[in-house]
Amino acid sequence: MASRSVLAWLKPEPGSEVDGALREGKSPWADAVHLLWTVWVFITPAFTPAGYDLRWLLLTLVSYPLFLWLYAKTLLVAPRRVARYAYGMVALCLALLPLWYPSGLSYFAFGCVMLRIGLGASVWGYLLRLMVLNVLAIGWAFHLGYPWMAVAWLPVVSFVIGLVTHFEAISKRSNTALRMSHDEVRRLAALAERERIGRDLHDLLGHTLSLVALKSDLAGRLLEHDPRAARHEIGEVSRVARDALSQVRRAVTGIRAAGIAAELASARLLLESDGIAFEYDADLPPLPPEHETALALALREAVTNLQRHARARQAWVELHEVDGDIVLRVEDDGRGGDIVPGNGLGGMRERVEGLGGRLRIESRRGHGTRVEASLPLPTMEWTIDAAPPESAKSDGAALDDATTAPGH
């Protein structure tokens, strides 16, 4: 029962710092590293006349576990409830000062820093609270007779570290929102494509299947009275089915271009959100899915590296057929320089070369970077299978042969 209650107490609330870390695949204990700064709780007595006396030991044994509980709660509760625990650290410090416990000033600094979690992106609101808390703490310390040297560092530490962590939190939230926007773009692109596929298939197959059903019923009624007419109708059913099969394959060919379209939309969102102007010119011919996937992933990797490392102001993407190859070019006007191959570039090269293509990367310091991936265009045999001449087949075997053509 005790272990269950401990686990329940450690369960992060939705939206908390620990919950966000878990959603991003990070360790929930990552923020515990900041507790290293509490070493000042144990160092401060070395600079005081009383030193490490019994009073310091007893107050530390009581206050430090309480501080750890308050700190953990600021990471485990929802943002709207964080302030109460941050103010609890400040109150703990103020309550310990009359007992002449300078080590408690570290609790005040932590309270000021953790307060930023519960205040969203309001910088001025955070600064106002820091100012009020510092005036309160310093005034209380002077009233109790603490020397100015003991408290002069409080506003510097609380304002500097507090603002740094506050802006880091704002940047983190922006990056999370941007990543969610990318996911939303891909989801909406996939949803729009599914809706288009549904409409196309409904329009394509609705009439065809109705015609097949009608002619099949007619052939069944004619079979005993007019076998010649029945055979003609069965042949018509076979012809209509082959035509429908070819139309479905042509529709599927168009569907396979959605991967590149989604990546281009995501690239525009990523780069323009980072202040990089983005232009593209894409004319994608029908491609088999493995070629489409290789180019889409190459585009994603190139754009991601550009956004992270290039420090560019503009970027361009071109996708065209050139001399029997489909060529993808991603260029920027960034800093350029030496390229250090990593897992991303290695995977991109393996995918492209595995399909008989080539990957070239040109990067000159101060002149930007160009990534060019080219793949040989496959033959069109995979898209539309020509129906065999009717003279070479019987009416009954024509549809079977069409459905077993190469690629299916």
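The values are calculated or read from the model by the stated rules, or taken from the named source; none is laboratory data. Keep in mind it's a predicted model, so treat the numbers as computed, not measured. Neighbour counts run over all protein chains shown; Cβ positions are idealised from the backbone, glycine included.
Of all the numbered requirements in (1) acidic (Asp, Glu); (2) surrounded by 14 or more Cβ atoms within 10 Å (Cβ to Cβ); (3) at pLDDT 70 or above, Glu195 misses one, and that requirement is (2). Would you confirm, using the coordinates I've provided, whether Gly337 is touching a strand residue (DSSP E or B) at 6+ places or on another chain (Cβ under 9 Å), part of a loop (DSSP other than H, G, I, E, B), at pLDDT below 85 and among the small types (Gly, Ala, Ser)? Yes. Might you check whether a residue that is surrounded by 12 or more Cβ atoms within 10 Å (Cβ to Cβ), in contact (Cβ under 8 Å) with a residue 24 or more places away in the chain and under 24 Å from Trp153 (Cα atoms) occurs anywhere in the range 9-30? The answer is no; no qualifying residue exists. If you filter the range 98-147 down to residues that are of a type in the set (S, T, N, Q) and in contact with a Phe, Trp or Tyr (Cβ under 9 Å, 6 or more places away or on another chain), you find that the one that is nearest to Leu54 (Cα to Cα) is Ser103. Go through the residues of the range 107-125 one by one and say whether even a single one is surrounded by 19 or more Cβ atoms within 10 Å (Cβ to Cβ), assigned to a helix (DSSP H, G or I) and in contact with a Cys (Cβ under 6 Å, 6 or more places away or on another chain). Scanning the range 107-125 turns up at least one residue that is surrounded by 19 or more Cβ atoms within 10 Å (Cβ to Cβ), assigned to a helix (DSSP H, G or I) and in contact with a Cys (Cβ under 6 Å, 6 or more places away or on another chain). Confirm whether Leu287 is surrounded by 16 or more Cβ atoms within 10 Å (Cβ to Cβ), among the hydrophobic types (A, V, I, L, M, F, W, C) and modelled with pLDDT under 85. So Leu287 fits the description; yes. Leu154 fulfils the conditions (1) modelled with pLDDT of 85 or more; (2) surrounded by 15 or more Cβ atoms within 10 Å (Cβ to Cβ) except for a single criterion, (1). For Val77, are the conditions met, namely being closer than 21 Å to Arg116 by Cβ and out of contact with any strand residue (DSSP E or B) (no Cβ under 6 Å at 6 or more places or on another chain)? Yes. Of the helices (runs of 4 or more DSSP H) contained entirely in the range 1-88, those carrying at least 3 residues that are hydrophobic (A, V, I, L, M, F, W, C) and modelled with pLDDT of 85 or more fall at 39-43, 54-76.
Listed here are the residues, each with its yes/no results for (1) of a type in the set (Phe, Trp, Tyr); (2) touching a Pro at 6+ places or on another chain (Cβ under 9 Å).
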position	(1), (2)
Ser63	no, no
Phe67	yes, no
Tyr71	yes, no
Leu76	no, yes
Leu97	no, no
Ala109	no, no
Trp153	yes, no
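Within the range 71-81, the residues that satisfy the criterion of being touching a helix residue (DSSP H, G or I) at 6+ places or on another chain (Cβ under 6 Å) and in contact (Cβ under 8 Å) with a residue 40 or more places away in the chain are Thr74, Leu75, Leu76, Pro79.
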